[in-house]
Amino acid sequence: MFSESGFSESSVSIVGAGPTGLTLAIELQRRGVPHRIFEASPGPFAGSRGKGLQPRTLEVLDDLGVLDRFLAHGCDYPAMLAHLPDGRTQEWRMGELHPPTPEVPHPNTLMVPQWRTGQLLLERLTELGGRVEFGAAVTGLDNTTITLSTGEQVHADYVVGCDGGRSTIRKLLGATFEGETHDVERMLIADVRLEGLDREHWHIWPATPGLRLGLCPLPGTDDYQLTAPGATLDELESLLPPGVELTHVGWTSEYRASSRMVSRFRHGDVFLAGDAAHVHPPTGGQGLNTGIQDAYNLGWKLATGDSALLDTYDAERLPVAAAVLGISTRLLRTPSVDRDDPALRQLTLSYRDGPLAGPTLPGPVQSGDRAPDAPCGSLRLFDAFRGPHETLLAFDVPDSALPADTRELHVRRIVRPGAPSGPRALVDLAGHAHRAYGADDPALIHIRPDGYVRSITRPDLQTAHHGRAPWVMTRTAGGSARPSAG
């Protein structure tokens, strides 16, 4: 729309249409928040680059309604096959494959080339009625008004820079990008097609020390991702061993690994997310995943328009980015570090010490933790969480003992077999939900829109319909939600 000043307007301007920006756009679109998303490139990204989606990211994709598509196009990481100088081969896995459990239905990293991740997210955004404006680079920033390469000026309530490690928004803000570039860790990456190798293994040729060449088959394509530390594009063909023939070269990149981040993610009403806020070495497959989860954390908070709530984006995500940066850098410097560390799967990420962690009770899950899944009859808890709403899990709590004001919450009563049920009840047939949450006694567990626990309390079973709960979301004049003071 256009204001009287002649500027075009939008509630949120998203700069950058990689996985981070697309995730944020989907989050805003499904909440009905007006936004525009701008991408300097003329079209979608075409390379494999970040190819590992961690288990927590898969849960985000489940909530966004696209996980089935990713599972159809991706696969588990293949076993490594080292081709040794003496002609022998050695096979092992970078990390063990984990069986699904009731609490963690998707426990393993899924390999999906980055271009496919972008394609599937863009497809989802389009289905919801959104679109990306390609070929629109940002050339200026004045508070929350951006100037585009087309000459258009766009005023918004908020601007979010999701425009990568060389972020224009970050530079226009003057935000320092502290850290280091690892000059000795130069890397050639290319998407290639070739003959002479099976597609059941990730093939590597060791060097002394380190790696000379890696060739990883990319699922859903005929391509391999080639990685060669210290090599250049001119050396590509000479890197291949005898019997392996190069037939096609697609996307290529020569880069140096960096470990950098900003000191804060919020600058007034301008926010930074993904690589614009933190860049990671590729080791451990953390960068793309952390960016998607930045957007997932920020999206529902932007929808409220509440400044105090938006402050929690910085408070919650900056420590996470710092910790992930440390893990990635350690893996770069010490390849022998355990890559089966649960922290790499990002399932143990918690906001326990964050400003939104409410009251809690002793048990396996605390306020601020990831909310586990569990089957309850024909539905799973993740089915109940899916969507932009907040959820109240009422374990063994009758309707008469629920807080009076739960209009803004999606209430699900979790009952044991044989207990009185009702239309909002899920029957915990095997007890998985009760065990996952430690709900031996009646409990009210409030789940945030991004799948983390906001509070764990005991119900007042003596007084029916007691007053407003402190977590209940109320609506602003513009129709968005904000936390009530209780």
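No value in this document is a laboratory result; all are computed from the given coordinates. Treat the numbers as computed from the prediction; the structure is a model and nothing was measured. All Cβ positions, glycine included, derive from the backbone under ideal geometry; neighbour counts span all protein chains shown.
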Skipping prolines and chain starts, which residues have an amide H placed within reach, meaning under 5 Å, of the one on Arg212, given they are 5 or more residues away or on another chain? Trp205, Ala207
For Leu461 and Glu123 in the same chain, what is the full-extension length gain: residue separation times 0.36 nm, less their Cα-Cα distance, in nm? 117.0 nm
Cα centroids of segment 76-132 and segment 361-440: how far apart, whole angstrom? 31
At a 10 angstrom cut-off on C-beta neighbours, averaged per residue, how do the peptides 121-132, 262-273 rank from highest to lowest? 262-273, 121-132
Put a dot 7 Å past each Cα toward the Cβ at Ser307 and Thr208; how far apart are the dots in nm? 6.4
Treating only the Cβ of Lys, Arg, Asp and Glu as charged (+1, +1, -1, -1), what charge dipole size does the chain show about its Cα centre? Round to the nearest 20 debye. 860
So for each of 288-299, 44-55 I average, over its residues, the number of other beta carbons within 10 Å; can you give me the resulting order with the highest mean first? 288-299, 44-55
Quick one: if the Förster radius is 25 Å, what FRET efficiency do Arg199 and Gln90 give, using the C-beta to C-beta distance and rounding to 0.05? 0.85
Just for segment 4-136, what percent of DSSP beta bridges are antiparallel, to the closest 5? 55
Kyte-Doolittle mean at least 0.0, axial Cα span of 30 Å or more - DSSP H helices of the chain: 307-333
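Of all trypsin sites (Lys or Arg not before Pro) in segment 395-447, which ones are in loop regions per DSSP and have a Cβ with at most 11 other Cβ atoms within 10 Å?
Arg407
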Is the chain best put as rounded, prolate or oblate by its Cα gyration tensor, with a ≥ b ≥ c the root eigenvalues, rounded for a/c under 1.5, and otherwise prolate when a/b is larger than b/c, oblate when not? oblate
Provide the gained length on full extension for the span Thr181 to Asp76, in nm with one decimal, where the gain is 0.36 nm per separating residue minus the Cα-Cα distance. 34.7 nm
Compute the length gained on full extension between Ser238 and Thr147: take 0.36 nm times their separation in residues and subtract their Cα-Cα distance, giving the result in nm to one decimal. 28.2 nm
